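Enquirer: First the structure, then my questions, so here it is.
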Amino acid sequence: MPKYVASRTLAEPLEWNATLIKGDLDQAVPALKAEHPGNLIVSGCGELAHSLTRQGFVDEFWFGSTPTSGRQALGSSTALARFLWSWWRRRRTARA
């Protein structure tokens with residue numbers, strides 16, 4: 001499975017087996033979806049997930065956490081949690 005990294009600070013070549021996403025997400029994500037049929041999975045990045053959701057690229061959220069890191073994953077701010085909750089309610093209402 002190919003791995004891609006979205007970063008504002010890293011530059012190629014990366015020191016591990018991954019490709020840096022170049023340019024804006026609104027152009028890069030459709031290109032990745034065309035190149036790799038099936039699901040794209042985002043792991044471990046709330047800010048990236050938030051950005052992809054705002055741009056309409058997210059169809060489904062799956063959350064997993066451990067008891068020791070669940071609270072830390074959202075940080076001290078609950079803005080992401082509130083956003084995801086409102087997104088879920090809008091999607092649920094639209095499907096009804």
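Enquirer: Counting just the residues of the range 10-34 that are over 16 Å from GLN55 (Cβ atoms), assigned to a loop (DSSP other than H, G, I, E, B) and under 17 Å from the mean Cα position of the chain (by Cα), which one comes out modelled with the highest pLDDT?
Expert: That would be ALA18.
Enquirer: Looking only at the range 10-61, how many residues end up being closer than 22 Å to ARG92 by Cα and surrounded by fewer than 10 Cβ atoms within 10 Å (Cβ to Cβ)?
Expert: 5
The values are calculated or read from the model by the stated rules, or taken from the named source; none is laboratory data. Just so we're clear, the structure is a prediction, and the values are computed from it rather than from any experiment. With ideal geometry, Cβ positions are generated from the backbone for all residues, glycine too; neighbour counts draw on all protein chains shown.
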